[in-house]
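Remarks on the structure that follows.
The values are calculated or read from the model by the stated rules, or taken from the named source; none is laboratory data. It should be emphasised that the depicted structure is a prediction, and the values quoted were computed from it without experimental measurement. Note that each Cβ is placed from the backbone with ideal geometry, even for glycine, and that neighbours are counted across all protein chains shown. Side chains included, ligands, DNA and RNA excluded: accessible areas come from the protein's heavy atoms. Shrake-Rupley method; radii C 1.70, N 1.55, O 1.52, S 1.80 Å.
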Amino acid sequence: MRSIVLTKGVPDFSEGAVSFDEDGHLERGKTPTVMNPNDEKALQAALQTKVRHGGHVSGMSMGPPGYGEVLGEAMEEVYADDLYLLSDRELAASDTWATAITLCTGIEKYADEIGGVDLVFAGFKTADGETGQTGPQTCWGLEWPIVTHVLALDIDPDERRLRAKRLVEGDRDEIETVEAPLPCVVIADPEFSPTYRKASHRLTHKRLRAETRERAEEYEEHMTTWNQQDLNLDPEYIGLDGSPTIVSSVDPIPKAPSEREATVIEPGGEGMEELFGEMNEFAAARGD
Amino acid sequence: MSTDLASDDAGYEHYEAVVVGCGPGGAAAASRLADHGVETLVLERGVEAGSKNVSGGLIYAEDSAPYTIDDLFPDFRQEASERPVTDYRIHNVSGRQVKSYDLTGLHEHDTDWCDAVLRRPMDSWLEDRVHEMTSETGGGVLSGVRANGLLRENGEIIGVTFDEIDPITADVVIAADGVNSELARDAGLMDWEEPEDWFQGVKAVVDMDPETVNDRFDISEGEGAAHLFSGDLFSDVRGGGFLYTNEDSLSIGTVFHLDSLVEEEAEPHELLDALLTHPLLAKWLGDSYDEREYSAKLVPDSKKVALREPYRDRLLLVGDAGGQMQAQGPIIKGMNHAVTAGALAADAVALAQGEGDAEAAGRRYASMLEKSGTMEKLRPKRYEYSSRVSERSLTTRAVEGVLNSRVGSAAVGNRIADRLLRRAYNSPGLVGMLPDTETGYVTLPSIIGAEHGRTIHWDNEIEPPSLADRIGDLTYDTDVGNPHIRLRDESFEASGAAVYACPVSAEEFGGGCYRSEVVETNGSEERLVSLDTQPCVECGTCAVVADTEWEHPRGGKGVEFREG
């Protein structure tokens, strides 16, 4: 079983890390890059496949050289065997379409030169673009089947099929079980949860974790970078030139005006009396 | 709904040996099994071994034991223990009067070495070693997995069931799952019936930098002190206190007979505080007190409950699970016996391989416990004779009467008696036979303290944290909506003892596990008990003193001890 996990570096939107300018624009230079949070589930799905069926997992990302760190993080989480970074100045400012073409080319090059791919895993939406398009568009380029919103996954390597539980229309109340032939693209839902009910799987998991810890510390030695020439990409289809998406304008979301008043009441007997007094007044005003 | 798609087809996974619990008993068993080339899987319910474990804190290596922990893990003392005990004393307390005896003689009897330990660092170190060793023979250690029962076929035990993973079959199952062993109970080998069969210990680990420890106990690096306390500082509750020095902390605790706690309606945390705030401790604690962790544990009294045949079918019990906890007067030995038993169980399994019947390993194990003298230490036959006389309350009352009279006090209090007492305390035989009554724990030590003691004039200024703060400082991963204890009978008569005997509950305290309340129904008043398992430290006290359905939380859930 050979899998590729797609991952992306995104601005760290967590409180305290992210920084915005006066107009509310993201200050990219001041905000650290982290692995897209939803990708964690794609990594878990790939890891579960590796633990249960063995094989090889590679991490792949398109982005500036700094994304190497994100791939290093991915290696630690998915116990990946190696990493591939598609990186070239010409790829800058790609929209989802140009990104998908690049990723698709990367996967095909990987399949030709490294080994045939059975599964491609991706997460649900990135935290910066929020489009949810890149995974499906990459799949379209590969002309493979795709299973989205996957909650649980099982592979039958002999039959070369997968079975997945997935949310229908992304709705938690409707879950269906589907089957698909390999190779296949799997988009893990944020609710995906890996299961390891066999002791032997847990032992394998523990062994892989120990092995990977060392590997992830020197992830750069296990990372291959492919540029535009390596990928033999037509400049017309990549980067800004290859991106049909036009962002016409970005409007800041106005802050909701606060209409509530707050009164601070000190704890203690007097405070409680004051509180009950206030509540009585409030109830009386409402006519309760 | 379950989102699991994994095939439940292929039947059960099988291992040659399954060891439940990775404390010293489980670790010893697993490492010996690996030595014998047996494929061994170890399951530990804590997030890491040691996170569920508490002990007073001394591990012994006995000269006479067939196995000691450093036989099995040669780096143990350098890597996993705190300080060796080089100074051992007992303090008999009567009010502010204290008479201290050097117990080093008793302590060194049959002792190769003895170290203070903290269980989280110790057991987690053992877990790593055991994982390395068992991985070599096709197994390993899995933490965060709780065994919840035995797997049977046609009534015979064939394996173990778990919360987190599918059932596993095994040629042999070694239950080293501690004092509240679910497997021992499932097999019908242990019960939770009699408070007389148990002790309860509570402990505070107190922060203290190494130089201060050396200074206050007058020891150097690589040395350590052990102090025991008995007398009237715990009112009439039968039991005593201890203080051991660790690398950079102190373990201070109290151990009481559970039936006595129930009888006296005593609050364990208050008894611990009585020790902590006694003037005698001021010179060691100074005026700043920083408690790192509060913990509690139930301790089986091996004299009464150690199983002479700790097995059923292919299930072997090791350590606390089989009641293997020896209280030799003031000295408590548990971990060393668990280690011996674990290693012997493994040897028994190796010897019995190839023999047809399921109980072959168990029979060999029981016989090895007997022949090695381990069982005689745990459950001395002479105790069964002497206890018949000395624990009868009539005798006790008579002895108490004499001791409390002026003649009695004078007898214990004269100078010759002082010498004799010193010698008596250091005689393992005599100490082992001290009856488990107030006489040994309270009356005699208080008379010794009053008659021979010097008066402590300084004051102890420290203020131990409240129970609420102690609970607040513990780490929990609560299994929300899935309480691991259920009250079967919520009447105060059936379950009220838990309100005070539970170490994280107290009368008039709303933040503990057990609370009592008066409920009015149809004009009559009823006193009821309610339960919230969130603050539970998983000691098992309430399983004995109240009417409950008691299980451990699922793997990794519940309290997580950092010191232990």
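Structure above, values below:
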quantity	calculated
Cα-based shape type of the protein assembly as shown, given that a ≥ b ≥ c are square roots of the gyration tensor eigenvalues and the cut on a/c is 1.5	prolate
Percentage relative contact order, segment B:480-560, counting C-alpha pairs under 8 Å, at least six apart	37 percent
Relative contact order of chain A, defined on C-alpha pairs under 8 angstrom at six or more residues apart (%)	22 percent
Packing-based ranking, highest mean first, of B:238-246, A:238-246, B:12-20, A:60-68 given that Cβ atoms within 10 Å are counted	B:238-246, B:12-20, A:60-68, A:238-246
Cα→Cβ-extended label distance, 7 Å offset, between A:ILE175 and B:TRP458, nm	6.4 nm
Extension gain (nm, one decimal) between B:ARG423 and B:GLU520, 0.36 nm per residue minus Cα-Cα	29.0 nm
Extended-chain gain in nm, criterion 0.36 nm per residue less alpha-carbon gap, A:GLN229 and A:ASP158	21.8 nm
Proximal lysines relative to B:LYS381, as straight alpha-carbon distance under 16 Å, when same-chain residues fewer than 8 apart are discounted	B:LYS303, B:LYS304, B:LYS371
Contact order normalised by residue count of chain B, Cα under 8 Å, 6+ apart, percent	20 percent
Mean shadow area of segment B:189-230 over all directions, Cα convex hull, nm²	5.6 nm²
Pairwise centroid distance, computed over Cα atoms, of segment A:251-273 with segment B:69-143, Å	56 Å
Label zone at A:HIS56 (point 7 Å along Cα-to-Cβ), backbone N below 19 Å, segment A:81-97	A:81-86
Members of segment A:181-206 that become less accessible by 10 Å² or more once partner protein chains are added (1.4 angstrom probe, chain alone as reference)	A:SER193, A:THR195, A:ARG197, A:LYS198, A:ALA199, A:SER200, A:ARG202, A:LEU203, A:LYS206
Debye log10 I(q)/I(0) for segment A:159-288, one point scatterer per Cα, at q = 0.15, 0.17, 0.23 Å⁻¹	-1.13, -1.21, -1.27
Per-pair calculated FRET efficiency, R0 = 56 Å: A:ASP128 and B:GLU196 via Cβ, rounded to 0.05	0.25
Segment A:144-181 versus segment B:502-562: alpha-carbon centroid distance in Å	44 Å
18 Å Cα-Cα reach of B:LYS297 towards lysines, excluding residues that sit fewer than 8 places from it in its own chain	B:LYS52, B:LYS203, B:LYS333, B:LYS557
Value of D in µm² per second that Stokes-Einstein yields for segment B:229-353, Kirkwood Rh from Cα pairs, at 20 °C (1.002 mPa s)	127 µm²/s
For B:HIS457, solvent-accessible area (1.4 Å; no DNA, RNA or ligand), Å²	150 Å²
DSSP-assigned coil residues among GluC sites (Glu not before Pro) in segment B:172-255, each with at most 16 further Cβ atoms within 10 Å	B:GLU193, B:GLU221, B:GLU223, B:GLU247
Under 16 Å, Cα to Cα: Lys pairs in segment A:2-237, sequence gap 8 or more or different chains	8
Computed FRET value (nearest 0.05) for B:GLU265 with B:ASP207, which takes r as the C-beta separation and R₀ as 25 Å	0.20
Size descriptor, Kirkwood hydrodynamic radius, that averages inverse alpha-carbon separations across segment B:480-560, Å	12.9 Å
Rounded, prolate or oblate (a/c below 1.5 giving rounded, otherwise prolate when a/b exceeds b/c) for segment A:98-140 by Cα gyration tensor	prolate
Spacing of the two label points (7 Å from each Cα toward its C-beta) at B:ASP63 and A:GLU108, in nm	8.2 nm
Per residue solvent-accessible surface (Å²) - the protein assembly as shown, probe of 1.4 Å	44 Å²
Under 5 Å, built H, 5+ apart or other chain: amide partners of B:PHE199	B:LEU258, B:VAL299, B:ASP301
Total accessible surface hidden between A and B, rounded to 100 Å², 1.4 Å probe	1900 Å²
Most to least accessible of B:PHE492, B:PHE73, A:PHE20 (protein chains only, probe 1.4 Å)	A:PHE20, B:PHE492, B:PHE73
Volume in Å³ per residue [convex hull over Cα atoms, computed for chain B]	165 Å³
Carbon/sulfur fraction of accessible area - segment B:480-560, other protein chains in place, 1.4 Å, %	39 percent
Three-way shape label, segment A:2-237, alpha-carbon gyration tensor, a/c 1.5	rounded
Antiparallel bridge percentage (DSSP; both residues within segment A:2-237; nearest 5)	40 percent
CD proxy at 222 nm, helix term only [per DSSP H run n ≥ 4: -39500 (n - 2.57); per residue of the protein assembly as shown; nearest 500]	-9500 deg cm²/dmol
In nm, spacing of pseudo-spin labels at B:HIS14 and A:ARG260 (7 Å Cα→C-beta vector)	6.3 nm
Evaluated over segment B:19-162, the Cα radius of gyration and Dmax, each in Å	18.8, 64
